[in-house]
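*Asks:* I'd like to ask you about the structure that follows.
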């Protein structure tokens with residue numbers, strides 16, 4: 001004869017043969033919960049928890065992408081400003097009469 005021993009998922013109580021006579025098989029003798037209702041509730045809780053965790057993960061990925069995009073845009077702007085100012089400085093230096101006169105005097109000596 002195979003005994004069907006049920007362990008309560010809430011309190012961990014192991015049903016005894018005498019418990020089946022006194023208390024319905026669907027109810028825990030120690031804490032009084034109905035096994036199926038408790039397990040259904042835990043399943044629903046796990047599903048809701050997993051859904052929230054996945055939503056948080058998606059938000060993190062999108063916010064990380066936004067930070068990376070902002071970083072590269074700032075870097076590009078700084079690079080362009082430096083590049084344009086370098087070109088402008090070079091043009092200014094080549095057109096400066098002071099430099100041209102110094103170069104000419106050096107060539108004459």
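None of the figures in this text is laboratory data; all of them are computed from the coordinates on show. Note that the coordinates shown come from a computational prediction; the quantities given were computed from them, not determined experimentally. All Cβ positions, even for glycine, are placed from backbone atoms using ideal geometry, and neighbour counts span all protein chains on display.
*Asks:* May I ask you to sort 35, 67 by Cβ crowding, counting other Cβ atoms within 10 Å and putting the fewest first?
*Replies:* Numbers: 35 17, 67 9.
Lowest to highest Cβ neighbour count: 67, 35.
*Asks:* Please compute, for the alpha-carbon atoms of region 14-57, the extent along each of the three principal axes and give them in descending order in Å.
*Replies:* Largest to smallest, the principal-axis extents are 49, 14, 12 Å.
*Asks:* Can I ask one more? Quick check on the exposure proxy: order 53, 10, 15 from fewest to most C-beta atoms within 10 angstrom.
*Replies:* Numbers: 53 10, 10 15, 15 20.
Going from least to most buried by this count: 53, 10, 15.
*Asks:* Another one. Arrange the following residues from fewest to most other Cβ atoms within 10 Å of their Cβ: 90, 9.
*Replies:* Values: 90 10, 9 13.
Sorted ascending by nearby Cβ count, the order is 90, 9.
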